[in-house]
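All remarks here apply to the structure that follows.
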Amino acid sequence: MDFTKVKENEEKSILEKKEIVEKDFWRQKYHIQGIVGLINDPNGFSQFKGKYHMFYQWNPLGTNHKNKTWAHSVSSDLLHWERMKTALRPDTWYSKDGVYSGSAIVDDEKLYLFYTGNVKDPEGNRESYQCLAVSNDGENFERWEPSIVNQPDGYTRHIRDPKIWKKDGKFYAVIGIQSENLEGKAVLYSSENIKDWKFEGEIAGANHGKIKDFGFMWECPDYFQLKDEKTGEIRDLFVFSPQGLEPEGDLYNNKYQTGYLFGKLDYEKTEFEILSDFVEIDRGHDFYAPQSMEDDKGRRIIVGWMGIPEEEDFPTVKNEWIHCLTLPRELKVIDGKLYQVPIKEMESIRGEKIEFSGKVAGEVKIGTGATYELKAKFSDFNSDFGLKLRTGKNSETVLKFDYNDKKFALDRTKGEQPDKRLRKVYLGNISELELTVFVDNSSVEVFINSGQEVFSSRIFPEKDADRISVFADKDVNVKIEKWEWK
Ligand code: FRU
């Protein structure tokens, strides 16, 4: 593609496709999605001059993983997003085959983006450049020539997705990388002035601590600290998206995974000392490459891509768009455990409310809806039970607790979504189950027991599939509140 014409091509594509995209009943109400084309990773998630900024990987020209730009949206409440003009396009020599993922930092009243410029020749030889762009107004970005050219010794050209932070007056970035023996790793760089970067070393990857063989590439690393709300201890977390894990029972059933490790980043030894197992951050079908930021209320908020690389077999492709981001969630550590909690702002979009409570055996319809929040509390159970959502003639999404296996499952067998296998997580012996569920036109996000586990999955029900019911094999006590979204 002629990289000097990307803006023209983008405008043309939007003009041609926007109308057909907008007619699609699978378009989301409160999730960030592309105006046309494909989106993937959240990028540059930040807060600048009082507004939240979200950038995201966007192919404006089609529904495949090409022509990556940084789309840009801003919001005051993380739910109502206004689309801004495209922030970065593949119109420089060092990003001509894609402006790949990266992060943002606000420093000295400027918004800096730190991203990967991707260059690939027709033989597939790759060049990777880590580059900065800077803005005074949060809208127009001045691009600087690459700061980091290709890889340090011992690695391949797969180096990308810098996540930047500042500590004691110095900038740091963790970057995903592949070693020459084709193992996924993460490296640390530092900078005094944000422009010139120094390679510090490898902080995590295969053959570090507990991690042995763990995939051929680690994408989109993120590092941050959270204060344990119970013990007051500061906990370090490292979140990353390894590629190449094999399924193990209920684990790693998506094509690629995302998870976290607790540990301690030692800047002297340049090592993230691992103090936990790898835990998948989301148990659903569609979650990858998340990015977090701390806002001015001191909240650590994370947003993921509600999609998986190499999974483009979605029915929206015929309507010229694919993928969205997840709803923002707040991360908390309580007594050494990571929780993901819906952000408080979700309450502001609650509209008309219905309630249901009582004993259920069999199946009971409690209402209808396609875009809503639902809270359900189940107790006194001794058999399988759950909820059925977006039910129509040929579609249904089932959230079910399997009493004998002690597992919670998300079943999206019925509908037009690909990958109809169940996703499950073991909950153990519980006497109560609390679900907070967010249903948008083509997605469901389920928060279990105050955010101990989360499932994010896209669903593609037929139009008007909106029945909501509760079911149980034998008696269960249930209390439900449901708010239609405003
Ligand atoms: C993750 C990823 C990143 C890359 C970007 C390209 O989904 O592959 O590693 O920067 O997407 O769109």
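The values are calculated or read from the model by the stated rules, or taken from the named source; none is laboratory data. Treat the numbers as computed from the prediction; the structure is a model and nothing was measured. Cβ placement follows ideal geometry from the backbone for every residue including glycine, while neighbour counts extend to all protein chains displayed. Side chains included, ligands, DNA and RNA excluded: accessible areas come from the protein's heavy atoms. Shrake-Rupley method; radii C 1.70, N 1.55, O 1.52, S 1.80 Å.
Quick look at the numbers
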{"read-out": "Length released on extending from ASN207 to ASP277, taking residue separation times 0.36 nm less the Cα-Cα span", "value": "23.8 nm"}
{"read-out": "Cβ-Cβ FRET estimate between LYS353 and ASP419, R0 fixed at 30 Å, reported to 0.05", "value": "0.35"}
{"read-out": "Positive dipole terminus of the chain, leading residue within GLY209, ASN449, GLN130 (C-beta point charges)", "value": "ASN449"}
{"read-out": "Potential extension, GLU345-GLU192 segment - 0.36 nm per residue separation minus Cα distance", "value": "51.4 nm"}
{"read-out": "Surface share of carbon and sulfur [accessible, 1.4 angstrom probe, percent] for the chain", "value": "44 percent"}
{"read-out": "Given charges at Cβ of Lys, Arg, Asp, Glu: the chain dipole, positive-most of ASN253, ALA186, TRP165", "value": "ASN253"}
{"read-out": "Zero-based 10 Å bins, Cα pair distances in the range 350-485, whole percents", "value": "13, 47, 36, 4"}
{"read-out": "Using θ = phi - 60° and Karplus 6.51 cos²θ - 1.76 cosθ + 1.60, couplings along the range 175-190 (whole Hz; Gly, Pro as x)", "value": "10, x, 7, 10, 7, 4, 8, 6, 10, x, 8, 9, 10, 10, 10, 9"}
{"read-out": "Given charges at Cβ of Lys, Arg, Asp, Glu: the range 5-342 dipole, positive-most of GLY117, LEU88, PRO309", "value": "LEU88"}
{"read-out": "3J(HN,Hα) from dihedral phi, the range 117-128, Karplus parametrisation 6.51/-1.76/1.60, rounded to Hz, x for glycine, proline", "value": "x, 10, 10, 9, 8, x, 7, x, 5, 10, 10, 10"}
{"read-out": "Point-charge dipole on Cβ atoms (K/R +1, D/E -1) for the chain, about Cα centre, debye to 20", "value": "1000 debye"}
{"read-out": "Across LYS353/LYS424; LYS7/LYS66; LYS170/LYS269; LYS68/LYS163; LYS227/LYS344, pairs whose alpha-carbon gap is larger than 24 Å", "value": "LYS353/LYS424"}
{"read-out": "Accessible area expressed per residue, the chain, with surrounding protein chains retained (probe 1.4 Å, Å²)", "value": "39 Å²"}
{"read-out": "Reduced Cα scattering model of the range 5-342, Debye log10 I(q)/I(0), q = 0.10 Å⁻¹", "value": "-0.55"}
{"read-out": "Inter-label distance for GLU123 and LYS7, nm, one decimal - labels placed 7 Å from Cα along Cα-to-Cβ", "value": "3.5 nm"}
{"read-out": "Angle between the chain longest axis and helix 6-22 axis [Cα atoms, degrees, rounded to 10]", "value": "10 degrees"}
{"read-out": "For the chain: relative contact order, % (alpha-carbon pairs under 8 angstrom, 6 or more apart)", "value": "12 percent"}
